[in-house]
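Q: Right, I'll just put the structure down here and ask away after.
The values are calculated or read from the model by the stated rules, or taken from the named source; none is laboratory data. These numbers were taken from a predicted model, which means no experiment stands behind them. When we count neighbours, we look across all protein chains shown, and the Cβ atoms used for this are built from the backbone with ideal geometry, even at glycine. What goes into the accessible areas is simple: the full protein's heavy atoms, side chains included, and nothing from ligands, DNA or RNA. Shrake-Rupley method; radii C 1.70, N 1.55, O 1.52, S 1.80 Å.
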Amino acid sequence: MKLPEPFLEKMRQLLGEEYPFYEKSYEKERVHGLRVNTSKISVEKFLNITPFHLRKIPWTENGFYYDEKEAVTRHPHYFAGLYYVQEPSAMIPAGILPVSSGENVLDLCAAPGGKATELGAKLGREGLLVANDISNSRAKGLLKNLELFGIGNILVTSETPEKLLSYFPHFFDKILIDAPCSGEGMFRKDSSMAADWMEKGPSYYAEIQKNILETAAKMLKPGGKVVYSTCTFDPEENEKNIQFFLDHHADFSIEPLEEWKEGFSHGRTQETKNQDMEQCVRMWPHKAEGEGHFAALLKKEQNGEEEIKKSKIRRKNEISFSKETEAFFEQIKIPFLSKRNVTNYDGKLYLLPDGLEKIRGLRFLRTGLYLGEAAKNRFEPSQALAMYLKMEEFTQSFSMSADDMRVIRYLKGETIEAEDCPYKKGFVLICVDGYPLGWAKMVNGTLRNKYYAGWRIQ
């Protein structure tokens with residue numbers, strides 16, 4: 001692989017006697033990883049049902065290496081949202097951010113969703129996940145991945161950090177910033193990124209990163225925590241940026257990690273003379289099975305700063321449902337539906353998370369869980385609702401094994417025969433090995449396919 005000589009010279013200076021080992025890492029094949037969706041399935045159960053040959057990633061409890069020859073993105077379990085395919089080192093930032101159920105969490109640069117899906121899984125069905133990406137096209141892919149993972153307590157936006165700040169000052173318990181960067185740690189994965197490095201380089205991104213971190217700090221509650229991460233090696237984008245931030249924010253400090261994992265290297269102290277930088281995580285491809293990465297966990301003091309109280313969305317009355325809509329929701333076995341939290345946008349029903357702020361004026365792609373469309377004399381449940389539910393939470397659920405050819409036919413959008421399905425009519429939640437894939441409608445012994453067209457396999 002041909003890399004820019006200025007980059008190689010910088011790496012020689014950074015690594016010293018370790019440089020030959022780093023250079024040698026480019027001769028190795030890159031590794032591939034998947035992360036289990038623990039909001040749907042436990043790691044133990046996943047390992048019992050998966051056909052893939054997996055190896056544990058040492059720094060992530062639910063992360064595993066897989067052989068790239070195995071078609072992990074073609075298997076029905078992938079379409080059931082049981083795992084996310086992600087570069088192993090990229091699992092670190094969401095892994096070290098200690099998210100608890102019920103918190104307000106922001107993923108500021110979230111697309112395509114690898115970190116946001118893990119944060120949503122940690123939250124469970126309580127709290128709020130705001131997942132933002134300034135690129136509207138990338139935010140669409142982010143939304144799909146969140147819905148595939150069955151995460152409903154979401155606000156997906158496509159805004160600048162400054163615009164979000166005007167809506168969410170001192171609002172979030174936890175924030176993740178996977179900042180845009182020069183991408184030096186990904187050159188082995190994607191050599192084309194080296195061309196961008198020659199055009200812009202670390203100094204260009206360092207200023208952007210400073211602004212993002214500054215804005216995010218103002219959205220964090222006192223006592224809250226933020227992870228700042230990049231996929232680059234340059235100290236200007238990493239330790240120096242953290243030091244610059246700390247120099248201007250006396251109420252923030254570097255938070256030691258609860259556990260130092262195998263494969264982690266300590267942050268550099270040479271450039272800042274700050275020994276606390278050792279608590280930052282560096283990933284080097286010659287020291288761990290993964291690409292280059294940097295992550296720092298910061299904590300904001302609980303200093304008595306008054307939290308700004310935000311008014312919740314007010315609904316004067318409970319929304320009314322048609323009898324067809326009521327009949328459908330009566331088949332859901334969990335008390336997740338409060339009519340006061342449901343809103344109707346042009347016949348489309350959404351279940352809004354508790355505590356969601358007024359968001360008029362924000363550019364958003366989704367508020368809460370899209371339930372479905374209440375059309376005249378019928379209700380059409382959404383793909384997002386199917387992925388949110390568990391098999392046992394809907395009265396008419398029908399599961400097939402992953403090796404049943406009807407599963408692939410269903411994912412292609414075909415009608416399937418199901419004489420073994422016990423239901424005579426109405427919507428059926430189609431599952432694979434007990435995990436939902438989508439909807440079908442039973443008519444005369446045939447399951448008419450309702451799988452979302454945009455997700456079908458070819």
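Q: Taking the Cα centre of segment 144-210 as origin and charging only Cβ (+1 Lys, Arg; -1 Asp, Glu), how large is the dipole, in debye to the nearest 20?
A: Result for segment 144-210 is approximately 100 debye, rounded to the nearest 20.
Q: Got the relative contact order for the chain handy, in percent, Cα pairs under 8 Å and 6 or more residues apart?
A: Relative contact order for the chain comes out at 14 percent.
Q: For segment 331-375, what does the accessible surface come to per residue with a 1.4 Å probe? Please give it in Å².
A: That works out to 51 Å² for each residue.
Q: Still on this structure, I have one more. Starting at 0 and stepping by 5 Å, how many percent of the alpha carbon pairs of segment 328-458 end up in each bin?
A: Final binned percentages: 2, 10, 19, 22, 18, 13, 9, 5, 2, 1, 0.
Q: Relative contact order of segment 156-226, please, whole-number percent, based on alpha carbon pairs below 8 angstrom and at least 6 residues apart.
A: Relative contact order comes out at 53 percent.
Q: Taking every DSSP beta bridge that has both residues in the chain, what percent is antiparallel when rounded to the nearest 5?
A: Around 70 percent antiparallel, to the nearest 5.
Q: Here is a follow-up. Quick check on the chain: helices-only [θ] at 222 nm, where DSSP H runs of length 4 and up contribute -39,500 (n - 2.57) each and the sum goes over total residues. Nearest 500, please.
A: -7000 deg cm²/dmol
Q: So, one more: Roll a 1.4 Å probe over the protein chains and send me the accessible area per residue for segment 128-267 in Å².
A: 35 Å²
Q: Still on this structure: Assigning unit charges at the beta carbon (Lys, Arg +1; Asp, Glu -1) and nothing else, what dipole magnitude in debye, to the nearest 20, does segment 25-148 show about its Cα centre?
A: Its charge dipole is roughly 200 debye.
Q: Now for a separate question. Can you classify segment 135-260 as rounded, prolate or oblate using the Cα gyration tensor, where a ≥ b ≥ c are the square roots of its eigenvalues, rounded means a/c under 1.5, and otherwise it's prolate if a/b beats b/c and oblate if not?
A: Cα axes put segment 135-260 in the oblate bin.
Q: Hey, another quick one. With +1 assigned to the C-beta of every Lys and Arg and -1 to the C-beta of every Asp and Glu, and no other charges, what is the dipole magnitude of the chain about the Cα centre in debye, to the nearest 20?
A: Dipole of the chain, to the nearest 20 debye: 2060 debye.
Q: Now for a different question. Explain nothing, just the number: relative contact order of segment 324-405, from Cα pairs under 8 Å at least 6 residues apart, as a whole percent.
A: Contact order relative to length: 30 percent.
Q: Of the options Tyr370, Met400, Ala327, report the single residue whose Cα projects farthest towards the positive end of the charge dipole of segment 316-444 (beta-carbon charges: Lys, Arg +1; Asp, Glu -1).
A: Looking along the dipole axis, the top candidate is Tyr370.
Q: Which residues' amide hydrogens lie under 5 Å from the amide hydrogen of Gly434, considering only partners 5 or more residues apart or on another chain, with H built in the peptide plane?
A: The answer is Met400.
Q: Which one, Val31, Pro161, Ala179, is farthest towards the positive end of the dipole of the chain when Lys and Arg carry +1 and Asp and Glu -1 on their Cβ?
A: Pro161
Q: For a quick protection proxy, order the peptides 99-112, 240-253 by their average other-Cβ count within 10 Å, most packed first.
A: Taking the mean over residues of other Cβ atoms within 10 Å, the ranking is 99-112, 240-253.
Q: With 19 Å as the limit, write out which pairs from Lys174/Lys299; Lys425/Lys450; Lys115/Lys225; Lys56/Lys225; Lys376/Lys412 have Cα-Cα distances beyond it, or answer none.
A: Among Lys174/Lys299; Lys425/Lys450; Lys115/Lys225; Lys56/Lys225; Lys376/Lys412, the Cα-Cα distance tops 19 Å for Lys56/Lys225; Lys376/Lys412.
Q: Turning to a different aspect of this structure: Starting from segment 1-80, pick out the trypsin sites (Lys or Arg not before Pro) whose DSSP state is loop and whose Cβ has at most 14 other Cβ atoms within 10 Å.
A: Those satisfying the criteria are Lys2, Lys28, Lys69, Arg74.
Q: Angle between the Cα long axis of helix 5-15 and the longest principal axis of the chain, 0 to 90 degrees, nearest 10?
A: Between helix and principal axis, roughly 80 degrees.
Q: Follow-up. Report in % the part of the accessible area of the chain that belongs to carbon and sulfur, leaving out ligands and nucleic acids; probe 1.4 Å.
A: 47 percent
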